[in-house]
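Remarks on the structure that follows.
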Amino acid sequence: MLKAENIKKRYFQNRGEANYFEAVKELSLTLAPGTVSVLMGRSGSGKTTLLHMLSGLLAPTEGRVLLDGTDIYALPDKELSEKRNRFLAVVPQARSLLDTLTVMENILLPARLYGRVGSEEAARTFMQALGIGHLKDAFPRGLSGGELRRAAIARSLCQDTPILLCDEPTGDLDDENTAIVLDILLKAAKEQGKAVFLATHESEALKIADAAYKMDGGRIEDILIN
Amino acid sequence: MLFRMIRGVLFHQRGKMLLIAFTIALGASLATAMLNVMWDVGDKVNKELKNYGANITVKPKDSSLLSDIYDVGGEEELNTAYLREDELGKLKTIFWAFNIVDFTPFLDARVTLPDNSTVKINGTWFGHHLDLPTGESLDAGITGMRSWWDIVDGKWLDEKEEGAEREVMAGTLLAQSMGWQVGDTVLLSGSHGTREVTIAGIFDAGGDEDEQLYAPLDLVQELTDRENKVSSIEVSALTTPDNELARRAARNPAALSSRDYETWYCTAYVSAICYQIQEVITGSVASAVRQVAESEGNILDKTQLLMVLITILSLIGSALGISNLVTASIMERSQEIGLLKAIGARDYSITGVVMAQILITALAGFAVGYIMGFGFAQLIGHSVFGSAIEMKARVVPIVAGLIALVTLAGSLPAIRMVLRLRPAEVLHGGR
Ligand SMILES: Nc1ncnc2c1ncn2[C@@H]1O[C@H](COP(=O)(O)OP(=O)(O)OP(=O)(O)O)[C@@H](O)[C@H]1O
Ligand SMILES: [Mg+2]
């Protein structure tokens, strides 16, 4: 269970009158196991900032992020790193594969980092489901944006964490692949009991959402669904 | 996988890694060359010093006073005090025995030739074999101490050869005026006898010696009935350049505190060696031929200081170069590093991977640099000293240590960058 308590994020930088910019205004949020939460919003509204704070990559200016009751930003680097690896899988918005490793090695990397073998079997299954099974020995350089995106999704699934946070997971994808990805994420929540969080422009995502929020100028509001 | 990542990056950033290796190689080569030259030059200058002749002369206590005041050294009638030949071996028993490179006794006289003219004859050792009380043995004599003599004809005398006790060497001027050739026999009359000798060699010393004869010590002793007597000893010793303590001690060793005395006695100052020589040679005064010893020592110090400075500067230069290159390479990889952090890599494993890459690169650079440094050293040796530089084994670990230090220091800014890198900043879309 991941819980954000009264978090806010200020970027210290000159913007007009103030010397900081508040990208996320004070808010609280809970990601429950077995659910899909969807965060919609215009570009620049603060989605990525919020997702990074939730995934242990960016300390909030104020407030706490609790992972099963532990304030993750109070942990030393060693333990926070381990939490990221074991609990908080992220699909970043930017391209995020290591160019020097093959796609398969990239996907197994989170497990290998901590000396786990990582299941090639599972990796192959996810890749096949995502339509990139034929690319397992390819290097990321030659891959298209959509292929890279799906490889990153496969990596986060293989990381086998209770929480999965995806930033624009369908950004470079066509409708058909968007549907496939959303389906896989829904299964991850329903069949494996993961807490799935999506930041996206894709309104199709609302169809799989258990909870949905709209972000605007750093604030979120619930959207009623169904 | 770690290995593959390292290899991947080495291969991936070949250009940059090559530059880093090159920078390290440059630093390593200069350090190697300078340190080798520095140590070798010390030995070389000492050898030059030895070639220059004696740096210590030992005289009988009484005569040294007289001849210094009246400048009558060489007039045998006044030379009433002598040193004992059988004590010479003791020179190799003093504390600094190993620093005594060579030594030879002298005993001079005037002899009359068949045409009634007189010439000065110097008795000395020529490759004289000595069995020391310590059980060791050595050859000592004038040959090594007059290395600048040009043997115009014939050869150096050698006491170990058959018949050497009836041979002499003649200066070129003397030989010319007498019309002597190598192999000629000459009749020499001294105060106590006459001997027929053979001219074994004719030398050009470029000084007064060119009008004199040099003969085995025994021969001169027999001619003048001065068994076991020598009038002076020349000693060639490796010495430490004098400092304040050495100068104070040279004035009066007895005035030193016991601690200073110990330090002085156990350092190869020329004054300490002189003092120790006086302790073993009865009735002697040993004095340094100062000009030579001191100026050589000073120049040596300055040259070595210069080389240490060059080494330090080149290493600082390498560190700056490495720091720029490594930082640039980290910046290029910030996206990857951010990602590694995002999927749970710890700071220290990332810095570990980074350092491993840099160290592999540094090792390659060091190996190439050492070989280059060897070349530089030989180049310097041949162009400056006209001989090869002997590579000292201890330079390898020293340069390796220095390069490791420089590499680590150069990598520090980059490591700080890795630690400060916030994954959110590099993973942010569009950045
Ligand atoms: N490191 C930073 N320093 C200063 N301002 C930042 C920083 N990161 C983000 N911002 C600003 O914060 C605001 C929110 O950025 P964020 O990336 O969270 O938006 P987003 O909703 O993810 O947008 P998009 O849909 O385009 O990805 C933007 O105005 C952005 O310029
Ligand atoms: Mg974003």
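The values are calculated or read from the model by the stated rules, or taken from the named source; none is laboratory data. Just so it is clear, the model here is predicted, and its values are computed rather than measured. Here Cβ is always computed from backbone atoms with ideal geometry, including for glycine, and neighbour counts include all displayed protein chains. Accessible surface areas use protein heavy atoms only, side chains included; no ligands, DNA or RNA. Shrake-Rupley method; radii C 1.70, N 1.55, O 1.52, S 1.80 Å.
Things worth noting here:
- Note on segment B:167-213: among residues that are touching a residue at least 60 places away in the same chain (Cβ under 8 Å) and over 22 Å from B:R226 (Cβ atoms), the one that is least open to solvent (accessible area, probe 1.4 Å) is B:M178.
- Hits in segment B:321-351 (condition: part of a loop (DSSP other than H, G, I, E, B) and of a type in the set (D, E, K, R)): B:R333, B:R346
- Scanning segment A:94-125 for residues that are modelled with pLDDT of 90 or more, in a loop (DSSP other than H, G, I, E, B) and either more than 10 Å from chain B (Cβ to nearest Cβ) or crowded, with 22+ Cβ neighbours inside 10 Å (or both) returns a single hit, A:L97.
- Elements of the type strands (runs of 3 or more DSSP E) sitting completely within segment A:167-226 and holding at least 3 residues that are surrounded by 16 or more Cβ atoms within 10 Å (Cβ to Cβ): these cover A:195-199, A:211-216.
- Sole exception among (1) closer than 30 Å to B:S411 by Cβ; (2) open to solvent by less than 30 Å² (accessible area, probe 1.4 Å); (3) at pLDDT 90 or above for B:I312, by number: (2)
- Looking only at segment B:36-92, residues that are more than 31 Å from the chain's Cα centre (by Cα), surrounded by fewer than 19 Cβ atoms within 10 Å (Cβ to Cβ) and modelled with pLDDT under 85 come to 15 in all.
- Counting only strands (runs of 3 or more DSSP E) that sit completely within segment B:165-255, those holding 2 or more residues that are β-branched (V, I, T) and within 26 Å of B:G144 (Cβ to Cβ) correspond to B:193-204, B:232-237.
- The listed residue being at the interface with chain B (Cβ under 9 Å from one of its Cβ atoms) and either touching a residue at least 40 places away in the same chain (Cβ under 8 Å) or surrounded by fewer than 22 Cβ atoms within 10 Å (Cβ to Cβ) (or both), out of A:Q128, A:Q159: A:Q159
- Matching residues in segment B:409-431 - criterion: being touching a residue at least 40 places away in the same chain (Cβ under 8 Å), open to solvent by 50 Å² or more (accessible area, probe 1.4 Å) and either away from ligand 1 (no atom under 16 Å from the Cβ) or not acidic (D, E) (or both): B:A409, B:L412, B:P413, B:M417, B:L419, B:R422
- Test for B:T282: is it in a loop (DSSP other than H, G, I, E, B) and open to solvent by less than 60 Å² (accessible area, probe 1.4 Å): no
- Scanning segment A:163-172 for residues that are at pLDDT 90 or above and either within 16 Å of ligand 2 (Cβ to nearest atom) or more than 22 Å from A:R84 (Cα to Cα) (or both) gives A:L165, A:C166, A:D167, A:E168, A:P169, A:T170.
- Set A:E62, A:E121, A:E105, A:E79: member being of a type in the set (D, E) and under 30 Å from A:G217 (Cβ atoms): A:E62
- Residues located in segment A:33-47, provided they are within 8 Å of ligand 1 (Cβ to nearest atom) and open to solvent by 20 Å² or more (accessible area, probe 1.4 Å): A:R42, A:S43, A:G44
- Residues of segment A:1-21 classified as within 16 Å of ligand 2 (Cβ to nearest atom) and buried (at least 18 other Cβ atoms within 10 Å of the Cβ), total: 1
- Enumeration of residues in segment A:38-72 that are assigned to a helix (DSSP H, G or I) and within 12 Å of chain B (Cβ to nearest Cβ): A:K47, A:T48, A:T49, A:L50, A:L51, A:H52, A:M53, A:L54
- Cβ pairs under 6 Å, 6+ apart, first in segment B:332-349 and within 8 Å of chain A (Cβ to nearest Cβ) and over 12 Å from A:S96 (Cβ atoms), second among the basic types (K, R) and open to solvent by less than 20 Å² (accessible area, probe 1.4 Å): B:G344/A:R84
- Taking the listed residues A:L50, A:L29, the one that is away from ligand 2 (no atom under 16 Å from the Cβ) and open to solvent by less than 20 Å² (accessible area, probe 1.4 Å) is A:L29, with no other qualifying.
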